[in-house]
Amino acid sequence: MTLKLFSGCHGIPSGSRWLTLALLLMLTILPSIATGQDRGPYSNPAKLYDGKPSRDNRLTDLALNGVADYASDGLLVGMTGNLVRLNRFYALGTRLVRYRIKPSSNAVCLFQSSEKDFTLKVDVPGKTMTIMTSPETAVDVPFLKGDKEYDVEIIHEYQKATVRILDAAGRKSAEVSAVNDGPGGVRQGVVNENSFTVGPEWDYYCFGLESGTSMLVKRITVESPKSAVRLLIYGDSITQPECYYPTSLFPLAWTQLMINRLGGNAISSGRGGCTINEVLNYIKNELPYIKAKYVMVTIGTNGGDTESNLTELVKYIKSMGSIPILNSIPSNESGTQVAVNAIIETVRQKENLDGARFDLATSQKGDGKEVDKTMMFWEDYPPTQFNGWQVWHHPNEKGSKAMFEQALKDLPELFGSTGND
């Protein structure tokens, strides 16, 4: 059986089985209404995408899906029942999407991920903005009116999602935030009984109408808060611990330990459930716009690794002027890491690459073979789900510490300096 790793409520559609994480819920709400426009960490961002749709500028990246048409001054969404989709896959753990909109007075506008793990509803007649969590996370927007222009921003900072609406004049704004607080494991493996799910807004940005006459979309912008970093970190759910880690433990996740060691001069971009094929897709929407000295990849637990596609990924990273780092995948209960890591080692040798031996760090005898279960969250599935599969492959805080220490040992060039290059 091939193990598909992902974090949150949805996986990438395929014919294979997907391992679901039972993410329950705990809420952190931070509502506010303010004046002025404070862009915070996005004061000097990298623009990953910036499109101004119009009849004279028909954006090839937009799939209209029968609900919108181009107007002289924007994209006019005039029908319900489907959503427009921006066909650019993103997975950066910290990123922003901004929509400049002009809704009708009766419009209820939707901004949703393609996997429907995250939905924002802007209700013009109700003068509210709501993240569709359970329970809902909402804020009143008393200045919201029809036929006026607004910027709607959705910001993800790993576990925290913030949504903000600003009037076009820049004088008024309202925002609300919610924090994903993962359970750790499943059933007997749960370490946080009061967990709460806020989706990471997987894959593709979508927008449209739930009800009402129209929403004119005048601009769509996707940004990273940093235009240059020392390190970008790519991978699957092992590289996306923000989706299953309890918030209290999240600073101890291996990605966060690396980012903190580098003084914040790094970003992780993991997509739970993905294989190298998805990484080859979405890295091309991120890396060309963010100057990274090093690009680290930890991929293969979900299958799909071949010498050919790993080499293709390495060569692409080099073509962007970055130094690839190809890590071994951690040990897991099925032992599938042994064969995968043999392929990874072959590519490392041929391409003269460094990489962290995460398999050694997470194995009982330090040989990369049998997983040390004390280093992994326990996913205890019932007999009715995955035939009662018992899973140990998402590193907990002990496993993350061991992986981080292994990386310090194996990658002295990366961590020898925490400079700003």
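The values are calculated or read from the model by the stated rules, or taken from the named source; none is laboratory data. Owing to the predicted nature of the structure, the values given are computational and were not obtained by experimental measurement. Methodologically, a virtual Cβ is constructed for each residue, glycine included, from the backbone with ideal geometry; neighbour enumeration extends over all protein chains shown.
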Selection over the range 66-85 where residues are over 30 Å from PRO142 (Cβ atoms) and outside any loop (DSSP other than H, G, I, E, B) yields a count of 3
How many residues of the range 209-221 are part of a loop (DSSP other than H, G, I, E, B) and crowded, with 24+ Cβ neighbours inside 10 Å? The answer is 0
Worksheet entry | GLY321 of a type outside the set (S, T, N, Q), out of contact with any helix residue (DSSP H, G or I) (no Cβ under 9 Å at 6 or more places or on another chain) and surrounded by fewer than 21 Cβ atoms within 10 Å (Cβ to Cβ) | yes
* **Residue in the range 326-337 that is crowded, with 23+ Cβ neighbours inside 10 Å, small (Gly, Ala, Ser), in contact with a helix residue (DSSP H, G or I) (Cβ under 8 Å, 6 or more places away or on another chain) and modelled with pLDDT of 95 or more present** => yes
Test for LYS315: is it basic (Lys, Arg) and either under 24 Å from GLU223 (Cα atoms) or crowded, with 24+ Cβ neighbours inside 10 Å (or both): no
Checked the range 166-203 for anything more than 21 Å from the chain's Cα centre (by Cα), at pLDDT 95 or above and of a type outside the set (A, V, I, L, M); matches are ASP167, LYS172, SER173, ARG187, GLN188, GLY189, ASN192, GLU193, ASN194
Exercise. With respect to TYR234, determine if the residue is within 20 Å of LYS315 (Cβ to Cβ) and in contact with a strand residue (DSSP E or B) (Cβ under 8 Å, 6 or more places away or on another chain).
Key: yes
Filtering the range 336-367 for residues that are outside any strand (DSSP E or B) and either in contact with a Lys or Arg (Cβ under 7 Å, 6 or more places away or on another chain) or closer than 18 Å to GLU312 by Cβ (or both) leaves a count of 14
Of (1) more than 24 Å from the chain's Cα centre (by Cα); (2) touching a residue at least 40 places away in the same chain (Cβ under 8 Å), ASP367 fails just (2)
Only one of (1) crowded, with 20+ Cβ neighbours inside 10 Å; (2) touching a Gly at 6+ places or on another chain (Cβ under 7 Å) does not apply to SER105, and that is (1)
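Okay, residues lined up against (1) under 15 Å from the mean Cα position of the chain (by Cα); (2) assigned to a helix (DSSP H, G or I):
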{"residue": "PHE207", "(1), (2)": "no, no"}
{"residue": "GLU223", "(1), (2)": "yes, no"}
{"residue": "GLU278", "(1), (2)": "yes, yes"}
{"residue": "ASN281", "(1), (2)": "yes, yes"}
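Residue-wise test of (1) assigned by TED's automatic domain parsing to the domain that holds PRO45; (2) among the small types (Gly, Ala, Ser); (3) within 26 Å of the chain's Cα centre (by Cα).
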position: GLY74; (1), (2), (3): yes, yes, no
position: ARG88; (1), (2), (3): yes, no, yes
position: ALA91; (1), (2), (3): yes, yes, yes
position: VAL97; (1), (2), (3): yes, no, yes
position: ARG100; (1), (2), (3): yes, no, yes
position: GLN112; (1), (2), (3): yes, no, yes
Of the residues in the range 172-196, those that are of a type in the set (Gly, Ala, Ser), in a loop (DSSP other than H, G, I, E, B) and closer than 30 Å to ASN87 by Cα number 1
Kindly establish whether THR133 is over 17 Å from VAL97 (Cα atoms), assigned by TED's automatic domain parsing to the domain that holds VAL217 and crowded, with 23+ Cβ neighbours inside 10 Å. no
Q: Assess whether GLY199 counts as being outside any loop (DSSP other than H, G, I, E, B), surrounded by 22 or more Cβ atoms within 10 Å (Cβ to Cβ) and assigned by TED's automatic domain parsing to the domain that holds GLU149.
A: no
